[in-house]
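Data first, discussion second: the structure below is written as structure tokens.
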2 protein chains.
Amino acid sequence: MSAAESAHLGRALCIITGASRGFGRAVALDLSRLLLPGSVLVLAARSGADLRAVEAELAGRAGLSVRSVEADVGQSEGLDGVMSACKEASSADIDHLILINNAASLGDVSRFTTGFTSLPEVDSYMSLNVSSPLCLTAGVLRAVPRRAGLRRTVVNVSSLCALRPFRSWVLYCTGKAARDMTFRVLAEEEPDVRVLSYSPGPLDTDMQREARSHTADPDIRKSFSDMFSEGQLLSCQASCAKLLKLLLEDAFTSGDHVDVYDV
Amino acid sequence: MSAAESAHLGRALCIITGASRGFGRAVALDLSRLLLPGSVLVLAARSGADLRAVEAELAGRAGLSVRSVEADVGQSEGLDGVMSACKEASSADIDHLILINNAASLGDVSRFTTGFTSLPEVDSYMSLNVSSPLCLTAGVLRAVPRRAGLRRTVVNVSSLCALRPFRSWVLYCTGKAARDMTFRVLAEEEPDVRVLSYSPGPLDTDMQREARSHTADPDIRKSFSDMFSEGQLLSCQASCAKLLKLLLEDAFTSGDHVDVYDV
């Protein structure tokens, strides 16, 4: 694809969940460089300390207002906190709403499917990874409704696991497949919203370390270890650059799942 | 496909959720005809009255033992009840374990995705439709483990909605996509278990009536009304016959999604 690339993402209200570490942090730091003065960044994460560190890194960006929300978006109170910040930050000056649904958890990969007999455990996983992005997206789109001159973009941070089953990753695969479908339905319903499920690839993050050390299936575990030792993991920044390219070009089909390796 | 068809499903322990109405009831009534004497049917549903009606219809089947469990499988206590009945019914005489994960709900189709801002509401949907079949399958496979002479078959009652997005059906599509992936992972992990996601087609059930009267999207609602008025809905019995054919032939690829129209 070689669509004409815009130089910036406008005067945006941008909400990023899971923004304190890994891919979410990279998006917060690098997407913000593409925002025009007057933009607002709402960053949500569970760790206040990590959030403040990201905020400190963003301190020098002229014309950018940053609001950090220490919140577990897998809980109603956490979602409420993000929604409040979003409503306060929304204004008629904004010409682009960008929501990055990044928060997610790996789940316990040390067990196979037959190890998951506890309903509360699985419910809790689905709440953070499936229900929460659905409810947050619904709330944000209602809080910042369609109006002339406003673009709205929603990103679902997805995974190859949304498309392919991996042994001992039943929670992660199930959750990512569910999310992709949520956002496909949204794209069908809201033709004026740009919806992207972006698969960032195997990233050099804490989640990958957990994957290669704890995955129950030996073949899958070895493939992660090999990717690490052979230097095949992507940096969050490199993958984020591909996502930003997609957003600047704005030529993806709404609702599609796009893999980092296809950008 | 024209694989050799077995005449029966063996001396089975067969567990069916959502067994009191619609497709689950049809499976209970018709699958039981294919079981050898000594088989046990565990039927779970929320409505005790409807369950007793099914039990009454099954009363004349010689050599078949039926255990009804009045339970909401979207709750831990409900799952525990089904698990207890399954453990009590399991014995060394059984040569086939069959679990039919049929229980499901449509969700509120009168709203579009942006209408779902309540985390507890979405959590509750995902608990019944995603977490519960995962946990029940895990529990049943642990309670009736692999042994010589025992076949194990797990069916996920799926839908076209697992594969394609439908406007105003975000909960149903998300849940069904999630379930298909759960069972694909299971199939990868447990090569000795036969795993089938079966899409029974548009059935003439209460759920369809709800769909054609309440679906928010007018085009989708009309397509359901048209299917109904043009006599295109399938009877539960006709669709169940296709599922039973798949189980008797036992030639599907484990983990696959098979549509009624492809049988």
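Place a point 7 Å from Cα of A:Asp259 in the direction of its Cβ. Which residues in the stretch A:161-201 have their backbone N less than 12 Å from it? Only A:161-165, A:199-201 pass the distance filter. Placing a label point 7 Å from Cα along the Cα-to-Cβ direction at B:Pro145 gives distances to the equivalent points in the other copies of 5.9 nm, listed shortest first.
Ordering B:Leu31, B:Val258, B:Ala59 by the projection of their Cα atoms onto the charge dipole of chain B, which places +1 on the Cβ of Lys and Arg and -1 on the Cβ of Asp and Glu, puts B:Ala59 at the extreme positive end. Here is the interface size for B with A: some 3800 Å² of accessible area buried, both sides summed, with a 1.4 Å probe. Each listed q (0.11, 0.14, 0.23 Å⁻¹) maps to a log10 I(q)/I(0) for the stretch A:92-195 from the Debye sum over equal C-alpha point scatterers, namely -0.39, -0.59, -1.18. Residue by residue along A:160-169, Cβ atoms of other protein chains within 10 Å of the local Cβ number 4 on average.
Position A:Ser118: other-copy label points at 2.8 nm, ordered by increasing distance, label point 7 Å along Cα→C-beta. Of B:Arg52, A:Arg147, the order by accessible heavy-atom surface (1.4 Å probe, DNA, RNA and ligands excluded), from most exposed downward, is B:Arg52, A:Arg147. Inter-chain Cβ neighbour count for B:104-112, averaged per residue, equals 1 (cutoff 10 Å, partner chain atoms only).
Counting only Cβ charges, +1 for Lys and Arg and -1 for Asp and Glu, the dipole size of chain A around its Cα centre is about 220 debye.
Other residues within the sphere of radius under 15 Å centred on the Cβ of B:Leu186, judged by their own Cβ, net out at +2 (K and R +1, D and E -1).
Taking the 1.4 Å solvent-accessible surface of the protein assembly as shown as the whole, the part contributed by carbon and sulfur is 48%. For the peptides A:125-138, A:97-110, residues were scored by their other Cβ atoms within 10 Å and the scores averaged per peptide; the highest-first order is A:125-138, A:97-110.
Distant-in-sequence amide contacts of A:Ile98, defined by a placed amide H-H separation under 5 Å and a gap of 5 or more residues or a different chain, comprise A:Leu13, A:Cys14, A:Ile15, A:Thr153.
Dividing the convex hull volume of the alpha-carbon atoms in the stretch A:123-263 by its residue count gives 118 Å³ per residue.
Would you please give the FRET efficiency between B:Ser84 and B:Ser47, computed as 1/(1 + (r/R0)^6) with r the Cβ-Cβ distance and R0 = 22 Å, to the nearest 0.05? Once the sixth-power term is evaluated, E becomes 0.70. Residues in the protein assembly as shown average 39 Å² of solvent-accessible surface per residue, probe 1.4 Å, ligands and nucleic acids excluded.
B:Ser225 label point (Cα plus 7 Å toward Cβ) to equivalent points in the other copies: 6.2 nm, shortest first. Bridgeable lysines around B:Lys245 (alpha carbons under 24 Å apart, same-chain partners fewer than 8 residues away excluded): B:Lys176.
Using just its DSSP H runs of length 4 or more, each adding -39500 (n - 2.57), the protein assembly as shown gives a mean residue ellipticity at 222 nm of -13000 deg cm²/dmol after division by all residues. Per residue of peptide B:132-140, the mean number of Cβ atoms on other chains within 10 Å of the residue Cβ is 5. This model, with +1 at the C-beta of Lys and Arg and -1 at the C-beta of Asp and Glu, gives the protein assembly as shown a dipole about its Cα centre of some 20 debye.
The values are calculated or read from the model by the stated rules, or taken from the named source; none is laboratory data. Keep in mind it's a predicted model, so treat the numbers as computed, not measured. A quick note on method: Cβ atoms are made from the backbone with ideal geometry, for glycine too, and the neighbour counts reach across all protein chains shown. To get the accessible areas, we keep the full protein, side chains included, count just its heavy atoms, and leave off ligands, DNA and RNA. Shrake-Rupley method; radii C 1.70, N 1.55, O 1.52, S 1.80 Å.
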